[in-house]
1. Looking at the stretch 268-280, is at least one residue assigned to a helix (DSSP H, G or I) and in contact (Cβ under 8 Å) with a residue 40 or more places away in the chain?
2. So which strands (runs of 3 or more DSSP E) stay within the stretch 1-105 end to end and still have 3 or more residues that are touching a residue at least 12 places away in the same chain (Cβ under 8 Å) and acidic (Asp, Glu)?
3. All but one of (1) closer than 30 Å to VAL227 by Cα; (2) away from the ligand (no atom under 16 Å from the Cβ); (3) assigned to a loop (DSSP other than H, G, I, E, B) hold for ILE436, so report the exception by its number.
4. Condition (residue is acidic (Asp, Glu), outside the structural domain of ALA441 (by TED's automatic domain parsing), surrounded by fewer than 24 Cβ atoms within 10 Å (Cβ to Cβ) and closer than 18 Å to THR464 by Cβ) applied to the stretch 77-88: is it met by at least one residue?
5. Can you tell me which residues in the stretch 200-246 are away from the ligand (no atom under 11 Å from the Cβ) and closer than 16 Å to THR2 by Cβ?
6. Select from the stretch 257-272 the residues that are of a type in the set (D, E, K, R) and under 15 Å from ALA28 (Cβ atoms) and list them in ascending order.
7. Looking at the stretch 302-333 only, could you name the residues that are farther than 19 Å from PRO246 by Cβ, in a loop (DSSP other than H, G, I, E, B) and of a type in the set (Gly, Ala, Ser)?
8. Suppose the filter is assigned to a loop (DSSP other than H, G, I, E, B), among the small types (Gly, Ala, Ser) and either within 17 Å of the chain's Cα centre (by Cα) or within 11 Å of the ligand (Cβ to nearest atom) (or both); does GLY259 pass it?
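The values are calculated or read from the model by the stated rules, or taken from the named source; none is laboratory data. Just so you know, these numbers come straight off a predicted model, no measurement behind them. Reconstructed Cβ throughout: ideal geometry from the backbone, glycine too, with neighbour counts over all protein chains shown.
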Amino acid sequence: MTVAARRARDVGTWHDEADVVVVGFGAAGASAAYEAATAGADTVVLERAGAPGGAAAMSDGFIYLGGGTPEQQAAGYDDSVENMRTFLTAACGPEPDLEKIAAYCERSLEHRDWLLARGVRFLGTVFPHANGTSPVDGEGLMFTGGENAYPYDELATPAPRGHVVQDGKPGGAVLMRLLAEAAEQAGARPILDTRAERLVVDDEGLVVGLIASRYGDEFAVRARTGVVLTAGGFINSPEMVAQYAPGVRVTALRLGTDGDDGRGIRMAAALGARVKRMDAIECALPFNAPRSLVHGIIVNRHGQRFVNEDTYMGRVGQTSLVHQGGEAYLIVDEEHYAPNWLGIHASWVCETPAELETEIGLPVGSLVGTVAYFNEHAERGDDPLFHKRAPVLTPLRGPLAALDLRASTFIYAPFTLGGLDTTVEGAVRDLDGEPIPGLFAAGRTTSGVAAQGYCSGLSLGDSTLFGRFAGRSAAGVKP
Ligand SMILES: Cc1cc2nc3c(=O)[nH]c(=O)nc-3n(C[C@H](O)[C@H](O)[C@H](O)COP(=O)(O)OP(=O)(O)OC[C@H]3O[C@@H](n4cnc5c(N)ncnc54)[C@H](O)[C@@H]3O)c2cc1C
């Protein structure tokens with residue numbers, strides 16, 4: 001199905017019309033619809049599925065918030081807008097969107113209150129160790145981006161910012177129930193089972209609506225003030241993945257829904273919209289629970305370490321997938337070995353590094369050298385290559401086990417971060433960097449706060465915050 005825009009004069013019948021037309025009733029769409037409707041705009045939300053939710057409803061419900069939230073304070077952590085900005089600028093790079101990061105940090109406390117006003121509840125207890133979405137025992141806060149690991153612990157004061165939505169699991173389902181209810185109570189009208197196919201423009205290039213498909217029939221919706229694209233990313237478009245993020249091809253799992261087919265991005269691109277960082281992906285590699293496994297070292301097919309094992313597991317996964325082709329092995333000694341929390345056991349167990357490298361098929365002497373070098377420094381409490389810290393920095397002793405972390409075997413859970421280039425306010429930029437009149441976007445249809453680096457919670461965080469901004473902009477009011 002083509003995505004080329006249609007001229008308004010070629011639309012025979014408008015089947016519906018509103019001031020603001022939102023495409024996609026997920027995290028960004030519900031937030032946009034709520035704000036547009038609250039600003040007084042007649043608002044419709046088209047959703048291709050039979051219910052609101054999107055990937056957000058499947059998610060763990062981590063929302064990245066900081067700057068000194070009451071939950072952070074209750075858990076005994078100091079944070080400030082500046083501290084959060086320093087961390088995100090380093091962790092989301094290279095070349096992150098500094099304007100979006102600034103707005104994200106400055107509005108974080110206000111956004112938390114906005115979420116609470118919609119019925120979301122957070123908790124001020126912390127799981128102090130893990131760097132990622134490992135299982136939590138009911139705690140409300142986690143380190144979800146490597147804040148407490150090198151190099152970020154030296155750049156900014158470590159503070160946990162992954163706020164977990166309470167009152168049910170997964171937290172994302174609770175979040176989406178609340179946001180969808182809020183949007184509808186504010187007056188937004190959902191039109192379900194309706195898939196947006198292409199935009200409609202007038203003769204001056206103003207976006208004035210879109211053509212959708214509803215039960216096999218064409219469904220044209222006119223937008224009096226703006227269209228907001230919040231249709232998710234493109235992790236489930238094999239063509240776009242092959243074109244932009246080919247590293248993902250080796251993973252069996254994709255984090256997203258069928259709606260993450262890139263259609264929102266392509267509809268806008270057909271109108272000359274600029275895309276940004278289309279190669280960027282987040283990829284969780286949930287190896288790091290139980291925590292004792294972090295005492296191990298992760299090596300590539302050359303038997304060499306390539307990452308700090310104690311950093312955020314999304315960073316480990318991204319590094320492994322993008323830079324090592326998804327070929328990695330976790331080497332852990334007897335004292336610290338336990339089956340992974342997903343029930344995954346060691347694939348190889350040997351008395352010595354030499355035997356283990358042979359069993360795995362690593363180059364002769366590679367693992368022997370890596371373990372000797374690691375142990376020599378770990379004895380002194382030092383990790384000159386990747387700066388893993390005590391207490392998880394311990395020499396590897398005695399029999400060694402290896403977990404097979406290859407993407408063909410283990411769980412890699414990627415989703416895309418690239419998308420439309422938008423302003424903080426949600427306007428979609430054209431190839432010259434100018435706003436395309438009448439067109440707005442947010443969420444994973446856009447490139448957001450995370451440029452290349454990612455922290456769990458940033459996607460729900462920037463989808464809801466910048467979704468709000470885009471909804472207000474489309475309604476003609478300041479975000
Ligand atoms: C298992 C899992 C766990 C996750 N955990 C977290 C987490 O803890 N924290 C976090 O920040 N992120 C998490 N994520 C990522 C996060 O859920 C998504 O990145 C986020 O939902 C993006 O929001 P969105 O509004 O852009 O997209 P979505 O929430 O997916 O909403 C997009 C909506 O648009 C609809 N749509 C798509 N195309 C069309 C079309 N052409 N016409 C009409 N409707 C359309 C879709 O059906 C969907 O409802 C997780 C994802 C998964 C799958």
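1. Step one: list which residues in the stretch 268-280 are assigned to a helix (DSSP H, G or I), which gives 268-269.
Those left that are additionally in contact (Cβ under 8 Å) with a residue 40 or more places away in the chain: 268-269.
Yes: one or more hits.
2. 16-23
3. So ILE436 meets the others, but not (3).
4. No.
5. VAL200, VAL201, GLU218, ALA220, GLU239, MET240
6. ASP260, ARG263
7. GLY303 - this is the single residue of the stretch 302-333 that is farther than 19 Å from PRO246 by Cβ, in a loop (DSSP other than H, G, I, E, B) and of a type in the set (Gly, Ala, Ser).
8. In short, yes.
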